[in-house]
1. Determine, for each peptide in 27-36, 14-23, the mean count of other beta carbons within 10 angstrom over its residues, then list the peptides with the highest first.
2. As a test of understanding, state the convex hull volume per residue of the chain from its alpha carbons, in Å³.
3. If the label point is 7 Å along Cα→Cβ of GLU11, which residues in the stretch 128-164 have backbone nitrogen under 15 Å from it?
4. Near the amide H of GLY145, under 5 Å away, which other amide H atoms are found, from residues 5 or more places off or on another chain, if H is placed in the peptide plane?
5. How would you classify the stretch 1-40 from its alpha-carbon gyration tensor, with a ≥ b ≥ c the square roots of the eigenvalues: rounded for a/c under 1.5, else prolate if a/b is greater than b/c, otherwise oblate?
6. From Cα pairs below 8 angstrom and at least 6 apart in sequence, can you work out the relative contact order of the stretch 1-139, rounded to a whole percent?
7. Which ³J(HN,Hα) values in Hz, rounded to whole numbers, follow from the phi angles of the stretch 19-27 under the Karplus curve 6.51 cos²θ - 1.76 cosθ + 1.60, where θ = phi - 60° and Gly and Pro get x?
8. Nearest 0.05, what FRET efficiency do LYS117 and GLU46 give at R0 = 41 Å with Cβ-Cβ as r?
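Here, each number is a calculation from the coordinates, and none is a lab measurement. Being a predicted model, the structure only gives us computed values, none of them experimental. Because the Cβ atoms are built from the backbone with ideal geometry, glycine has one as well, and the counts that use them run over all protein chains shown.
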Amino acid sequence: MWFPWIHKKLEADGFPSVVPALPDPLNPTMAKWMRAATPVAENWDERSVVIGHSIGGVLALRLLEHVCKKKIFALILVAPPFASFVSVKQMETAFAFPIDWRKLRSLAKNIVIIQSKNDPVVPFDHGFRYREALEAKLVMTKKDGHFIGRTASVVWREFQRMIK
């Protein structure tokens, strides 16, 4: 995945970054992930840029909504599912209770959703739903699938655009 790649790019450009170790990533449990990532989210502030991929994007939303005490600079969600569209326990627990969209809009200065039209995991219309719910910028790509490659240049470009 591209997480180590972007971590190295951020660090090389002078942006301290943290990639929290999430337990059992192939069988995610939102409660366990929340516990593991809470210490990181407690330190988010007006300079923080939070990047979440797939169900990790939902985790970022939940952390911002329930843990973070300050407004962050930016939230970048990459291929995030908007709802539990399949009967899979991990997805159902991620959306077990409503999301406070209004609160989330007020907690990030910039919000970008990145979605690919050919994503085989998350239907591309989920990007449009997030754009509406979060009043976010939507970056739609054509051929990036579920963004599981070793690099994610579109994420890097959006990060650079935001900080300028």
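1. 27-36, 14-23
2. Cα-based convex hull of the chain, divided per residue, equals 106 Å³.
3. The answer is none, because no backbone nitrogen lies closer than 15 Å to the label point.
4. ASN118, ASP119
5. In terms of gyration-tensor shape, oblate.
6. Once divided by the residue count of the stretch 1-139, the mean separation gives 20 percent.
7. Coupling constants for the stretch 19-27: 10, x, 7, 9, x, 6, x, 7, 9 Hz.
8. FRET efficiency, LYS117 to GLU46: 0.75.
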